[in-house]
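The values are calculated or read from the model by the stated rules, or taken from the named source; none is laboratory data. All values reported here derive from a predicted model rather than from experimental measurement. Positions of Cβ are backbone-derived with ideal geometry, glycine not excepted, and every protein chain shown enters the neighbour counts.
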Amino acid sequence: MLRTAEMTVAKESLLIKSEILKREVAITLLIPDDYNFAEPLNLLLLNDGQETENLSLSKTLENLYQANKIKPVVAAAIHAGDERLLEYGIAGIPDFKGRGAKAELYTGFILDELLPQLYLHTSVKAFNKIAFAGFSLGGLTALDIAWNHSDIFGKVGVFSGSLWWRSKALNEGYTDADRIMHRVIRESKNKPALKFWLQTGTLDETADRNHNGIIDSIDDTIDLIKELEAKGYNRPADIQYLEVVGGRHDMPTWAKAMPKFLTWAFGKQA
């Protein structure tokens, strides 16, 4: 049996020389230290893994284990590189400034290099559940990859996602129809077997494109939920939304929300 009351988290480092991204990618692994391999192990991929310490992720995991709230999970925190604004985004569809031009390569790295290495490193033949999460642009990226590869990922977490990601500048006749992720979901012929957890903060930003008194971060997230519902997903069974009053676009806010996400993704009742 897994002794959850005594569970601690071990930190390991993994360095992958990516042929796809043409750079070394650092991975911080957080693994249950007292794990009994007779129990199924889950996997969380996390973008912007260089922020692991600022997220207090190890402590959060240990607290949840000790409270017997989550199942055992390996967290693979992927450090972003110097070309974050090119590697993150929506695969095959750069934004109006050309950002995200390497997002397709990043997807290839995740599927063809990272996941095989994680199976080798952990000696796990098959993870029970795999979720992908990220913050801001990393959240958009996690959503795009999970949406297109639901055969691998069953759940996705989007913390203050960059759902404004658009194909046209505001001063070039922009309309809400130019938001790329919304369009991808709307025009998709499939309904992936996926569950969604989305978070915003009421102080994420001050921008309000349509002057409706609601900041764009919240507007864009609510509109994305509407697109998901139009595809046939339901709240709360398929979609969870957390709006943090006073929450900002920063690591302390996301760290505060992290236990709710982890309990949703890997909870004893999940």
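Would you check if LEU262 is touching a His at 6+ places or on another chain (Cβ under 8 Å) and in a helix (DSSP H, G or I)? So LEU262 does not fit the description; no. Here ASP144 meets each of (1) acidic (Asp, Glu); (2) over 15 Å from the mean Cα position of the chain (by Cα); (3) over 16 Å from ILE31 (Cβ atoms) with one exception, condition (2).
Select the helices (runs of 4 or more DSSP H) contained entirely in region 70-125, then report the ones holding at least 2 residues which are of a type outside the set (Ser, Thr, Tyr), at pLDDT 95 or above and touching a helix residue (DSSP H, G or I) at 6+ places or on another chain (Cβ under 8 Å). Steps first, please.
Working: elements: 84-87, 103-109, 115-122.
Answer list for region 70-125: 84-87, 103-109.
Residues PHE159, PHE132, PHE109: which one is farther than 22 Å from LEU242 by Cα and either among the aromatic types (Phe, Trp, Tyr) or in contact with a Cys (Cβ under 7 Å, 6 or more places away or on another chain) (or both)? It is PHE109.
Can you name the number of the only condition in (1) within 22 Å of ASP33 (Cα to Cα); (2) surrounded by 24 or more Cβ atoms within 10 Å (Cβ to Cβ) that HIS121 fails? Among (1) within 22 Å of ASP33 (Cα to Cα); (2) surrounded by 24 or more Cβ atoms within 10 Å (Cβ to Cβ), the lone unmet condition for HIS121 is (2). If you filter region 146-165 down to residues that are buried (at least 24 other Cβ atoms within 10 Å of the Cβ) and β-branched (Val, Ile, Thr), you find that the one that is nearest to LEU111 (Cα to Cα) is VAL156. Consider region 48-102 and keep the residues that are touching a Leu at 6+ places or on another chain (Cβ under 9 Å), acidic (Asp, Glu) and under 13 Å from LEU137 (Cα atoms). The one that is surrounded by the fewest Cβ atoms within 10 Å (Cβ to Cβ) is GLU83. Of everything listed in (1) more than 21 Å from GLY134 (Cα to Cα); (2) surrounded by 19 or more Cβ atoms within 10 Å (Cβ to Cβ), the single unmet condition for HIS182 is (1). Checking each residue in region 169-199 for being within 22 Å of the chain's Cα centre (by Cα) and not in a helix (DSSP H, G or I) picks out ARG179, SER188, ASN190, LYS191, PRO192, ALA193, LEU194, LYS195, PHE196, TRP197, LEU198, GLN199. Among what's in region 112-157 and is free of Cβ contacts under 8 Å to residues at least 60 places away in the same chain and of a type in the set (Val, Ile, Thr), pick the residue that is farthest from GLU227 (Cα to Cα). It comes out as ILE152. Out of PHE127, PHE132, one residue alone is under 24 Å from ALA257 (Cβ atoms) and surrounded by fewer than 22 Cβ atoms within 10 Å (Cβ to Cβ). It is PHE127. Can you say whether ASP178 is at pLDDT below 90 and farther than 30 Å from PHE266 by Cα, as far as the supplied structure shows? No; evaluated as a whole, the condition is false for this residue. State whether one or more residues within region 223-238 are over 26 Å from PHE127 (Cβ atoms) and in contact with a Ser or Thr (Cβ under 7 Å, 6 or more places away or on another chain). No, there is no match, as no residue in region 223-238 is over 26 Å from PHE127 (Cβ atoms) and in contact with a Ser or Thr (Cβ under 7 Å, 6 or more places away or on another chain).
Of the residues making up region 200-235, just one is closer than 26 Å to THR263 by Cα, in contact with a helix residue (DSSP H, G or I) (Cβ under 7 Å, 6 or more places away or on another chain), of a type outside the set (Lys, Arg) and part of a loop (DSSP other than H, G, I, E, B), namely ASP204. When the residues of region 196-225 are filtered to those that are touching a residue at least 12 places away in the same chain (Cβ under 8 Å), among the charged types (D, E, K, R) and surrounded by fewer than 21 Cβ atoms within 10 Å (Cβ to Cβ), the one that is farthest from TRP254 (Cα to Cα) is ARG209.
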